[in-house]
Amino acid sequence: MEIQITTKKSEGLERLLEVSVPVETVRDAEDKAARKYATQARLPGFRPGKAPAAIVRKKFGEAIRQAALETLVQDAFKEVMEREKLQPASQPHVHDLHFHEGKPLTFELHVEVRPEVKLDRTSGFRVKRPEQQVGDAQLQEQLDALRDQRATWAPVEEKPMPGDQVTVNLATAEEGGAMSEGKEYRLVIGEGQAIPAIEELILEAKPGQTIERPVKWPDDFPDEAQRGKTKPVRVQLLDVKRKSLPALDDAFARDVGDFDSLDALKAAVKSDLESHAQRDAESQLRQQLLDEVISANPFDVPEGWVSELSDAYLKQFQVPEEERPRFAQEFRPVAERQVRRDLVIEAIAEREGLTATEADIDDRVAEVASKRGSNPSEVYASLQKAGRLREIERSITEEKVFTWLKERNTVE
């Protein structure tokens, strides 16, 4: 395609190109679009496809020009990418488009390109594997969590204490207004489910008792309209329940799972904690290696990729619309780091031939199937349907890359 390309900006990964398509090429595209319309057009007095070109152009002129424009822009874009040898990182944008009768088509093409990740240095680094020992305190914390999951709640006829579960009827009134009808809530004292001043009211009451007095809302209350306000509050304590934890003994171990004794349960819990600690240590070690490689081989990252990943974080954490600008700024360093990480792993995998193969994926699926006691073909089909094969491929590739990096660097 005969077009003229002028580079107006080339900074980092950003490219701004001015594209001009000659009048002759524009006419050819319009003629082609007109012929296509002529074969499909249905006009009164003419058989399908037999209407004169002049009448077709008069009837469908704007649609023909629009079709020609779309074709011209698409073809010009392909020509620009091939001639300039550009690899777009995200969807290019067209700006300042001029498409006038009898004149060349001109527009500006804004493109963000993929970075060139050379990685001149990937070895000679010294990193330290974090020590991840499981102590008695961690073991006890996990056992306490298991006991808490199986706790029972029993009613008590006394004032509540921190940790008790209460049911209250809570009513408020705006300044000078009538008290609301009230609404029933169930909450655990001390877990921040009510503002501190209201918890204080609840702690003063016995089951069946009602207490009413002015309460000041915190200055950092989520609803800005309520911050710092003081208004009457009425609390009726309906009931109080106190948590009772099961004894940590052999019976508890049997209740938790297939364990003959408390010692067997402790051994299993400690083994799980140690496995988690090992995975955490490996994750930290991998991050150290990547940080060293990235520091030694600086490169730009596509802003579009960072923004796209940051938006994904916002959706994942269901950040409210009004909070998005602030959270986007906080998520940005995390998103940029993730993009750099992925680019480094991809570059090493491609350069060293470490990308997961079909055989690697088949072996991993067979391993998963063996653990499940299932047929590998069925597991493969299930993973494929769920779109998780790509996830397995990435995982295998990462493992190969980090094995390669650990072999070429000093791990203490």
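The values are calculated or read from the model by the stated rules, or taken from the named source; none is laboratory data. Bear in mind the structure is a predicted one, so any value in this text is a computation, not a measurement. Note that each Cβ is placed from the backbone with ideal geometry, even for glycine, and that neighbours are counted across all protein chains shown. Surface accessibility is based on the protein's heavy atoms, side chains included, excluding ligands, DNA and RNA. Shrake-Rupley method; radii C 1.70, N 1.55, O 1.52, S 1.80 Å.
Here the condition is being in a helix (DSSP H, G or I), within 22 Å of the chain's Cα centre (by Cα), among the β-branched types (Val, Ile, Thr) and surrounded by 12 or more Cβ atoms within 10 Å (Cβ to Cβ); of VAL301, VAL344, it holds for VAL344 alone. Going by the conditions given, is ALA247 surrounded by 13 or more Cβ atoms within 10 Å (Cβ to Cβ), more than 30 Å from ASN169 (Cβ to Cβ) and not basic (Lys, Arg)? The answer is no for ALA247. Reported count of residues in the range 120-137, each being surrounded by 14 or more Cβ atoms within 10 Å (Cβ to Cβ) and either assigned to a strand (DSSP E or B) or at pLDDT 95 or above (or both), is 3. Taking the range 195-242 on its own, how many of its residues are among the aliphatic types (A, V, I, L, M), part of a loop (DSSP other than H, G, I, E, B) and within 38 Å of the chain's Cα centre (by Cα)? Adding up the residues that qualify gives 1.
Against the condition out of contact with any Cys (no Cβ under 8 Å at 6 or more places or on another chain), surrounded by 13 or more Cβ atoms within 10 Å (Cβ to Cβ), of a type outside the set (Lys, Arg) and at pLDDT 95 or above, how does LEU309 come out, does it pass? It is false that LEU309 is out of contact with any Cys (no Cβ under 8 Å at 6 or more places or on another chain), surrounded by 13 or more Cβ atoms within 10 Å (Cβ to Cβ), of a type outside the set (Lys, Arg) and at pLDDT 95 or above.
Taken together, PHE252, PHE259 contain a single residue that is part of a helix (DSSP H, G or I), among the aromatic types (Phe, Trp, Tyr) and in contact with a helix residue (DSSP H, G or I) (Cβ under 8 Å, 6 or more places away or on another chain), which is PHE252. What do you reckon, is THR172 at pLDDT 90 or above, among the hydroxyl-bearing types (Ser, Thr, Tyr) and crowded, with 17+ Cβ neighbours inside 10 Å? Taking the combined requirement at face value, the residue satisfies it. Whenever a residue of the range 124-140 is within 26 Å of ALA296 (Cα to Cα), its partners that are open to solvent by 100 Å² or more (accessible area, probe 1.4 Å) and part of a loop (DSSP other than H, G, I, E, B), lying with C-beta atoms within less than 9 angstrom and at least six residues away or across chains, give the pairs GLY124/ARG408; PHE125/ARG408; ARG126/GLU412; VAL127/GLU412; LYS128/GLU412; ARG129/GLU412. Here the range 8-25 is the region considered, the condition is being touching a residue at least 12 places away in the same chain (Cβ under 8 Å) and in contact with a Lys or Arg (Cβ under 8 Å, 6 or more places away or on another chain), and the residue that is farthest from HIS95 (Cα to Cα) is VAL23. So, PHE402, is that one closer than 27 Å to ALA281 by Cβ and exposed (fewer than 14 other Cβ atoms within 10 Å of the Cβ) or not? It is false that PHE402 is closer than 27 Å to ALA281 by Cβ and exposed (fewer than 14 other Cβ atoms within 10 Å of the Cβ).
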